[in-house]
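Undergrad: One structure, as C-alpha cells, below. Some questions next.
Bear in mind that the values in this text are calculations on the coordinates, not laboratory data. Note that the coordinates shown come from a computational prediction; the quantities given were computed from them, not determined experimentally. Virtual Cβ from ideal backbone geometry, glycine too; neighbours counted across all protein chains shown.
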Amino acid sequence: MYRPKGKNQKSKIIGLLVLLAFFVLFIVLPVLKIKSKATALMASAREMKAVFAKNDITLLKSKLGGFSDQYKDFEKTSQSIYWLSFIPYVSDFKNGVEAGSYVVKAGQESVLAIEPYADLIGFKKGEVSFVEKSAEDRLQTAVLTLDKLVQKVDPISADIEKANEKISKINPDRYPGKIGKSDIKGQINNIKEQFAGVSSLFVDAKPLIKKLPELLGSKEEKTYLMLYQNDKERRATGGFLTFYAVMKIKGGKISIAHSDDIYSLDATINERPKTPREILTYHKGVNAFYIRDSNLSPDFVQSIKLFNSLYQNSGAKVRYDGIIALDSKILVDMLTIFGDTQVDGINFSAKTDKRCDCAQVIYTLFDIVDRPVGYFKENRKGILGDLMYSLFYKAIGYSPSKYWGTLMQTMYQNLQEKHILLYFVDSDVQKSVEQLDFAGRIRDYKGDYLHINSVNFAGAKANLFVSEKVDSKTNGKNREVTVDFRNPYPHSDCNLERGGLCLNATLRNWIRFYVPKGSKLVSFQGSEKKVQTYDELDKTVFEGYLEVPTQGKATVIVKYILPSGVSTDSMMVQKQPGVTGQEWKVTVDNKKIFEGILEKDTVWRGH
C-alpha cells in the first residue's frame, strides 16, 4: 500500500520524539535527580564525620537517624534506573547503593548497642555517673556490661557481610585507570579491599569479642601470665624474657598475684629438658636450657610449648588461662599518652634520653635492673610489673572520653605490629587471635614468602644501637636478599667492678631466613659459622651467624632459587615481633614494589 513520503517522515519524527522523551523522562531526569541527592548525601556524610569526632552519643544517634532517612530517600530514587541493570555499570551502581544501605543499618545498630554504655568507651552522654566512679569500679562496670554489648555483634556482623557481598560483585576492570586526576579503578579496588578487610575482621574477631567478658572474669576468675620481652636484646619472638607477672582478674577486678625476675623463676626449676642445639651452637657460655632462653622459635605458639616444657617443672607454676607478651614499645606508648609516671619514688618518661638516644624509661629501667652495685637492690626487675600496673590504673583513672580512644587505637596498632602477642588456652579464642594475626604465628601462604629472624645471644642490649636494612631482589625464580647491620655507637663500659652499665657491645646474631618450602640455597655470604639448611614450620630455613662490632658493620647476602610451583605474583613478608625501624626495599623483575619501614606483616599482589 502506498504511503505518502511526508507521512513516513512525520512518523519517524514522532518516533524519535517519543524515544527522546522516554530517554529524558526515564534516564536523564532520574540520573540528574540521583546525582542531586547523592551530592546532598555526601555533604551529610561529611557532617556525620564531624559529629562522630565530638564523641556525643545523643547527637550522633539523632544525626544518624536523619542520615538514614536521607539514604532511604536516595535509595528509592536510585531504584528508578534499576531496570537498566542489564548494563554492567548500572548493576555496579545498584550493588553499591544496596551495600551502603546495609552499612547505614549496621551503623544504627552499633549506636543503639553502645548507647547504654556510651560513657564506658569514651562517648559523652550528658551523665557523669561512670566518670565519678573509682578506677577499679569503672573497670568492673565495663566488664559486667560487656556481656550485654556483645549480644549485638551477630546482627551488625551480618549487615557488614551482606554489604561486602554486594561490593564484591563490582568489577573494577570495567573502569578506566584514570579520569583527569581521579584514579577510578584504584578507588574501586581500594573500597573493595577495605570492605573485604572489615568483613573479615568481624568474622575473625567474633569469637574473641563474644568471649571477651568471660576472658575478663565475668563468670569466674581468670589467670594470665604476663611476659615482658626486652626487644633491645632481641630474641625470636621479640626479646629476652626479662620478667614475668601473674595477673588475676575477676569481674573486672585486677590484681597482680606475683611479679618477679625471670631468673627467680628459673631458680625454681630443677629438672630441665635436653639443651637445644641452637643454644649450644650460638649462645655464649651457656650449656643448659633455661626458661629465659625458651623463646627460640619465631612462631610464638611453638615457643610457648618450649616455655611450658620448663614451666611445668617449676615450683612456682600456676595454672593459667593465657599468656600476654609485650615489649618496651608498650611502656613508651603509654607514657606518651599519659605522661610521666612515678613508681617507688622513680620517675619514668617517654622523653628522649641522650645517654642512649632512646626513651628515658628504657635507660632508667636498664640502670635499675642491669647496673651492678655493692648493695642489694630491692624489687629489682619487679619494678617493671609495678610500672605496668601503675600505668594500667592510670589509664582507667581518667575520663574515658579523654584518653581511652587513643589508648585503644594504640594498643590495636601494637597488636598489628606484634609488640603484643597473645596466647589463650581456650581453643576458640586462640583460633580467633590467630586469624587476626595477633598470635605471632608463622603463617601458611600459597604464594611467595619471606621472614627474617634475628636472635641476640649474649650481645648486651646492642639492638638498641644497631640499625638494619633489608634489600630483596627477585628476577624470575632467583632471589638475592641482603641484610646490612650498622652500629655507629661506641662500646659501653662493661666493667662490672667499676659498676659499668653494659648496653652497647658486639652483637652476636643468630639469623634465620624462612622461605617457601623447597627453595634451593645458592650461597650464604657473611656467616661466621657453618650455614644450616632444613625444613621447619612448613618452610625451608637458611641459618647462619654473624657479629656486628660497635662502631662497625656486618652484611649477609643470601641467594636462593624459589620452587617451580611458587608464583612471584604475590609475596608475603612477615615482620619479626619486637622489631622497629627495619628498612626494607623489595624489587621483583626490576620493578620496585616496596620501600620503607616494615611495620607489620605485609602482602603485595599483582606486581
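Undergrad: Once amide H atoms are placed 1.01 Å from N in the peptide plane, what residues at a sequence separation of 5 or more from CYS358, or on another chain, have their amide H within under 5 Å of its amide H?
TA: ASP353
Undergrad: Something else: Rank GLY500, VAL522, GLN551 by how far each Cα sits towards the positive end of the charge dipole of segment 448-605 (+1 on Lys, Arg Cβ; -1 on Asp, Glu Cβ) and give me just the farthest.
TA: Most positive-ward Cα: VAL522.
Undergrad: Show me, for segment 199-205, the HN-Hα J-couplings you get by feeding each phi into the Karplus relation (A = 6.51, B = -1.76, C = 1.60, θ = phi - 60°), rounded to Hz, glycine and proline as x.
TA: Residue by residue, segment 199-205 yields 4, 4, 4, 5, 5, 5, 7 Hz.
Undergrad: Still on this structure, I have one more. How many angstrom separate the Cα center of segment 412-437 from the Cα center of segment 439-466?
TA: Using only Cα atoms to place each centre, the spacing works out to 18 Å.
Undergrad: When ranked by the protection proxy of mean other Cβ atoms within 10 Å per residue, highest first, what sequence do the peptides 545-558, 502-515 form?
TA: 502-515, 545-558
Undergrad: Among LEU537, ILE561, LEU464, whose Cα lies farthest out toward the positive end of the dipole of segment 448-605, if unit charges sit on the beta carbon of Lys, Arg (+1) and Asp, Glu (-1)?
TA: Positive-end residue among those listed: ILE561.
Undergrad: Show me, for segment 220-230, the HN-Hα J-couplings you get by feeding each phi into the Karplus relation (A = 6.51, B = -1.76, C = 1.60, θ = phi - 60°), rounded to Hz, glycine and proline as x.
TA: Couplings: 8, 4, 10, 10, 10, 8, 9, 10, 8, 9, 7 Hz.
Undergrad: Which trypsin sites (Lys or Arg not before Pro) from segment 270-303 combine a DSSP loop assignment with at most 10 other Cβ atoms within 10 Å?
TA: Passing both the DSSP loop test and the Cβ count: LYS274, LYS284.
Undergrad: Over all alpha-carbon pairs of segment 222-435, lay out the pair-distance distribution in 5 Å bins, whole %, shortest bin first.
TA: Binned Cα distances yield the sequence 1, 6, 13, 18, 20, 18, 12, 7, 3, 1, 0.
Undergrad: Same structure, new question: Can you grab the distance from the C-alpha centre of segment 207-230 to the C-alpha centre of segment 471-539, Å, no decimals?
TA: 36 Å
Undergrad: Okay, moving on. If you plug each phi of segment 501-514 into the Karplus form 6.51 cos²θ - 1.76 cosθ + 1.60 with θ = phi - 60°, what whole-Hz ³J(HN,Hα) values come out, in order, with x for Gly and Pro?
TA: 9, 8, 9, 9, 8, 4, 7, 9, 10, 8, 10, 10, 10, 9
Undergrad: Here's a follow-up. Give me the dipole magnitude in Debye, nearest 20, for segment 405-555 about the Cα centre, with unit charges on the beta carbon: positive for Lys and Arg, negative for Asp and Glu.
TA: That gives segment 405-555 a dipole magnitude of about 420 debye.
Undergrad: Show me the GluC sites (Glu not before Pro) within segment 424-516 that DSSP assigns to loop and that have at most 13 other Cβ atoms within 10 Å of their Cβ.
TA: Qualifying residues, ordered by number: GLU497.
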